[in-house]
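**Q** Please find one structure pasted underneath; my questions will follow.
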Amino acid sequence: MPAHFTEQHSAETVNGRISPESSPRLRQIMAALVNHLHALVKEVQLTPEEWETAIGFLTRTGQLCSDRRQEFILLSDTLGVSMLVDAINHRRPGNATENTVFGPFHVAGAPELPMGSRISRDGKGESCLFTGRVLDLDGRPIAGAVLDVWSDNADGFYDVQQPGVQPDWNNRGRFTTGPDGHYSFIGIKPVSYPIPDDGPVGQMLAALGRHPWRPAHMHFLVSAPGFDRLTTHVFVAGDTYLDSDAVFGVKTSLIADFKRNATADAEWLCQFDFVLNPA
């Protein structure tokens, strides 16, 4: 390979500087990154002004990140990278519940609540009873499974987006299954909402003629000893944005019917079973 940089052998020259003493996995990833990046620049004949625009975009993306907002996760989500990484690393048997994106709004340490508890604390929205079972691949109930759940409120915002406006832990909670593997809690029927689009990612979507909306969903993080951790959503059937989710998170198997509930506890009912894959 040439020691000095040429247009023809640009990637080879850059990769030739990587030390053989560096991590083999790091070498593999960085060499592929350089190869693809250089191929992109050559394919589109990138101009200095366009590259400067790209650097400015990434700079603004980083500057907007904080402990309450992660603009780079948003960028990864809207480019479909988060879903692709998730799909590659969570290939499962056909009857196991599918993964989807984690999203930027999870908060660790949500309150542990008794089954049947109400997680909506702001009094807004149409109440919904979420219920079902956590099962293994053979349909046996899993005891001791922890369901960490969270959703937006009726206005389409998560509590961390509105500190001081929404109560702490609004529409969040953790529940542990008993011997029957059953879970139940009362939240709200989720509503569609736009991802934060007041920053660089929103500007990118607008320039591409894409909308920032996500279809209505409830988040579930389901874990149990001896099983793969499941990160998933349950989507509301019939939502306008199911086929154009801004972060590509929808999977057909995760769409559930939300039915009018005949009981006095909640206005809606969502029944959904989670099937975990052995670790």
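**Q** For residue 153, enumerate residues with amide H under 5 Å from its amide H, sequence gap 5+ or separate chain, H modeled in the peptide plane.
**A** Residues meeting the criterion, in which the H sits 1.01 Å from N, are 158.
**Q** A follow-up question, please. Using only the alpha-carbon atoms of the chain as identical scatterers, what base-10 log of I(q)/I(0) does the Debye formula give at q = 0.07, 0.08, 0.15 Å⁻¹?
**A** -0.34, -0.43, -1.15
**Q** By how many nm would the segment from residue 53 to residue 223 grow when fully extended, if each residue of separation counts as 0.36 nm and the alpha-carbon distance is taken off? List each step's numbers first, then the result.
**A** Values: separation 170, 0.36 × 170 = 61.20 nm, distance 4.26 nm.
This chain segment gains 56.9 nm when fully extended.
**Q** If you don't mind, another one. With the crude spin-label approximation of a point 7 Å out along Cα→Cβ, what separation in nm comes out for residue 9 versus residue 198?
**A** It works out to 5.2 nm between the two label points.
**Q** Let me ask you something else. In the stretch 1-85, what GluC sites (Glu not before Pro) fall in a loop by DSSP, with at most 14 other Cβ atoms inside 10 Å? Let's see the in-between values first.
**A** Working: sites: 7, 12, 21, 43, 49, 50, 52, 71; in loops: 7, 21.
Passing both the DSSP loop test and the Cβ count: 7, 21.
**Q** Right, here's the next one. If you restrict to DSSP beta bridges whose two residues both lie in the chain, what percentage is antiparallel, to the nearest 5? Walk me through the intermediate numbers first.
**A** Values: 30 of 41 bridges.
Antiparallel bridges make up about 75 percent of those DSSP assigns within the chain.
**Q** Tell me, 61, 100, 252, 232 in order of fewest to most beta-carbon neighbours within 10 Å?
**A** The order, fewest Cβ neighbours first, is 252, 61, 232, 100.
**Q** What's the magnitude of the charge dipole for the chain around its Cα centre, counting Lys and Arg as +1 and Asp and Glu as -1 at the beta-carbon? Answer in Debye, nearest 20.
**A** Numbers: 23 positive and 33 negative charges, 96 e Å.
Result for the chain is approximately 460 debye, rounded to the nearest 20.
**Q** Please report Rg over Rh for the stretch 1-46, where both radii come from the alpha carbon positions and Rh follows the Kirkwood definition.
**A** Taking Rh as the inverse mean 1/r over Cα pairs, Rg/Rh reads 1.00.
**Q** Describe numerically, in nm with one decimal, the distance between label points set 7 Å from Cα along Cα→Cβ at residue 108 and at residue 95.
**A** Label at residue 108, label at residue 95, 3.5 nm between them.
**Q** With each pseudo-label sitting 7 Å past Cα toward Cβ, what's the residue 279-residue 260 distance in nm, one decimal?
**A** 4.6 nm
**Q** By counting other Cβ atoms within 10 Å of each Cβ, how are 148, 86 ranked from fewest to most?
**A** Sorted ascending by nearby Cβ count, the order is 86, 148.
**Q** Given the DSSP H assignment, sum -39500 (n - 2.57) over each helix run of at least 4 residues in the chain and divide by its residue total; what's the result at 222 nm in deg cm²/dmol, nearest 500?
**A** Mean residue ellipticity at 222 nm (helix-derived): -7500 deg cm²/dmol.
**Q** Only Cα pairs within less than 10 Å get springs; with that Gaussian network setup on the chain, which residue of 187, 132, 109 has the largest fluctuation?
**A** 109
**Q** May I pose another question? Which one, 45, 130, 179, projects farthest toward the positive side of the charge dipole computed for the chain from Cβ point charges (K/R +1, D/E -1)?
**A** Value: 179.
**Q** Under 10 Å, Cα contacts only: if you run a Gaussian network model on the chain, which one of 212, 48, 194 comes out with the highest mean-square fluctuation?
**A** Fluctuation is largest for 48.
**Q** Quick one: if the Förster radius is 30 Å, what FRET efficiency do residue 39 and residue 121 give, using the C-beta to C-beta distance and rounding to 0.05?
**A** It comes out at approximately 0.05.
**Q** Please arrange 239, 77, 273 by counting, for each residue, the other beta carbons lying within 10 Å of its beta carbon, fewest first.
**A** Values: 239 20, 77 24, 273 15.
By the 10 Å Cβ count, ascending: 273, 239, 77.
**Q** How big is the stretch 44-129 by Rg and Dmax over its Cα atoms, in Å?
**A** Taking only Cα atoms of the stretch 44-129, I get Rg and Dmax of 19.4, 60 Å.
**Q** Which trypsin sites (Lys or Arg not before Pro) from the stretch 173-243 combine a DSSP loop assignment with at most 16 other Cβ atoms within 10 Å?
**A** 210, 229
All of the numbers you see were taken from the coordinates with simple rules; none came from a lab. Keep in mind that this is a model prediction, so the values were computed, not measured. Ideal geometry is used to build each Cβ from the backbone, glycine not excepted, and the neighbour counts take in all protein chains shown.
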